[in-house]
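The values are calculated or read from the model by the stated rules, or taken from the named source; none is laboratory data. Remember, it's a predicted structure, so these values are computed and weren't measured experimentally. Heads up, the Cβs are rebuilt from the backbone with ideal geometry, glycines too, and the neighbour counts pull from every protein chain shown. These accessible areas exclude ligands, DNA and RNA; they are computed on the full protein's heavy atoms, side chains included. Shrake-Rupley method; radii C 1.70, N 1.55, O 1.52, S 1.80 Å.
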Amino acid sequence: MKTTHINRSFWAIMMVVLILPCIFLFSCNKDENKPLFGVWWWDNRLSDEYLDFASENGINEIYYYTSDFSQKNAQFISRADGLGIKVYWLCGDYQWIDDINLFYQEMEKFENFQNNNVVKFAGVHLDVEPHQHPQWDNSREKLIEKYIDFVRQVTEKYDDICFDFDIPFWLEDEISYDGQTKEAYKFVFDYADRVFVMSYRDSAQNMADVAKEELLYAAEIDKTIFLSAETGEEEDIVTYFEEGKSYLNSQLEQLRDIVKEDFGIAIHHIKSWYNLKE
C-alpha cells in the first residue's frame, strides 16, 4: 500500500511538471509587478542593435513578423528570451476575412514551428484590418461582421493559443451578430485574449480619450487591453514622429498616471521608434 501511495504521488507530481510548461506557453498570463510594454517588429532583417534598444527601453513583448518560420526565428526568440522579452508571431492580411482558410494555411506553418522547436512564440498577434479591404466604403457593415466572425472562428478553433487582435479606436459601429447588437469593438474583446487599440494620437490625454470606451469595457469583462502609440511618419496628430523620443517617453509616463484601468502600452514600430530624434 505504501508503494502504491508513493507511485500515485510520483505520477501526480509528474503530471504537474508536464502540464505547467503548456500553461505557461499558451496562456496570456503576465507579470503583475511589471507593466506590459510591447513593440511591433515588422522587419525581421534588423540587427541585434534594435533588440538591445528594445530591452534598454523596458520592452517585455515583441510582435515579430515572419512568413518563413526558419531557424532564424528560433534564434531571435532565444536572444529575446535572454533579455526577458516574450516574442509573439505577428501576421495579418485583410484577405483572410474573405477566406479564413488562407489564415489556417499559415497557422499550419506556425504550429509546425511550435512543435519542432524548444524555443517558441508566446502567442499570435493578428493585425487584420477590415478597413484595408477595397470594398470597405461600399460594404462597411458587412465587412465588420465578417471580421468579427473571423475573430470568433480563430479563437474557438485554436483555444489553446493566446491571440492578440489590433483594432482602430473608432471601431464603434453598432453591429448585429450571433443574436446580439452592440458596438463592434465589444465583440472583438469578447472573443480575443488581448486587444490592442490603435490609439494613435500624439499626447497622453488624447490617447486616453480616444480609447476611453474600450478601456471601460475591457475592465468590465476583465480582458487585457493595450493602448498604442505611433512613431512613423504620418499625419502629425496621429504620430510622435515630429516630437521625438523624449516627448514620447514623457507622454507614456503621463498615460500611466491618467488611465486608472489596468492596461499595457505598445509602440508602432521598432524601426521608426529607434530612428526618432531625441
### Task
Please verify whether segment 98-108 includes one or more residues that are over 23 Å from residue 264 (Cα atoms), surrounded by fewer than 17 Cβ atoms within 10 Å (Cβ to Cβ) and of a type in the set (Phe, Trp, Tyr).
yes
### Task
Kindly provide the set of residues from segment 229-247 that are surrounded by 15 or more Cβ atoms within 10 Å (Cβ to Cβ), of a type outside the set (Val, Ile, Thr) and either assigned to a loop (DSSP other than H, G, I, E, B) or in contact (Cβ under 8 Å) with a residue 24 or more places away in the chain (or both), ordered by number.
229, 230, 232, 234, 240, 241, 243, 245
### Task
Being over 13 Å from residue 229 (Cα atoms) and within 19 Å of the chain's Cα centre (by Cα) is the filter here, so list the residues in segment 257-278 that pass it.
261, 262, 263, 271
### Task
Taking the residues in segment 175-212 that are touching a strand residue (DSSP E or B) at 6+ places or on another chain (Cβ under 8 Å) and of a type in the set (S, T, N, Q) as candidates, determine which candidate is most open to solvent (accessible area, probe 1.4 Å).
181
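Being open to solvent by 20 Å² or more (accessible area, probe 1.4 Å), more than 21 Å from the chain's Cα centre (by Cα), farther than 13 Å from residue 98 by Cα and not β-branched (Val, Ile, Thr) is true for just one of 156, 172, 141. Which residue is that?
Working: 156 fails: more than 21 Å from the chain's Cα centre (by Cα); 172 fails: more than 21 Å from the chain's Cα centre (by Cα).
Of 156, 172, 141, the one residue that is open to solvent by 20 Å² or more (accessible area, probe 1.4 Å), more than 21 Å from the chain's Cα centre (by Cα), farther than 13 Å from residue 98 by Cα and not β-branched (Val, Ile, Thr) is 141.
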### Task
With a cut-off of at least 1 residues that are in contact with a strand residue (DSSP E or B) (Cβ under 7 Å, 6 or more places away or on another chain), name the helices (runs of 4 or more DSSP H) lying wholly within segment 40-102.
48-56, 71-82
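Report the residue count in segment 120-153 for those that are of a type in the set (Gly, Ala, Ser) and closer than 17 Å to residue 194 by Cα. Outline the logic, then answer.
Let us first name the residues in segment 120-153 that are of a type in the set (Gly, Ala, Ser), namely 122-123, 139.
Narrowing the set further to residues that are closer than 17 Å to residue 194 by Cα leaves 122-123.
Residues in segment 120-153 being of a type in the set (Gly, Ala, Ser) and closer than 17 Å to residue 194 by Cα: 2 in total.
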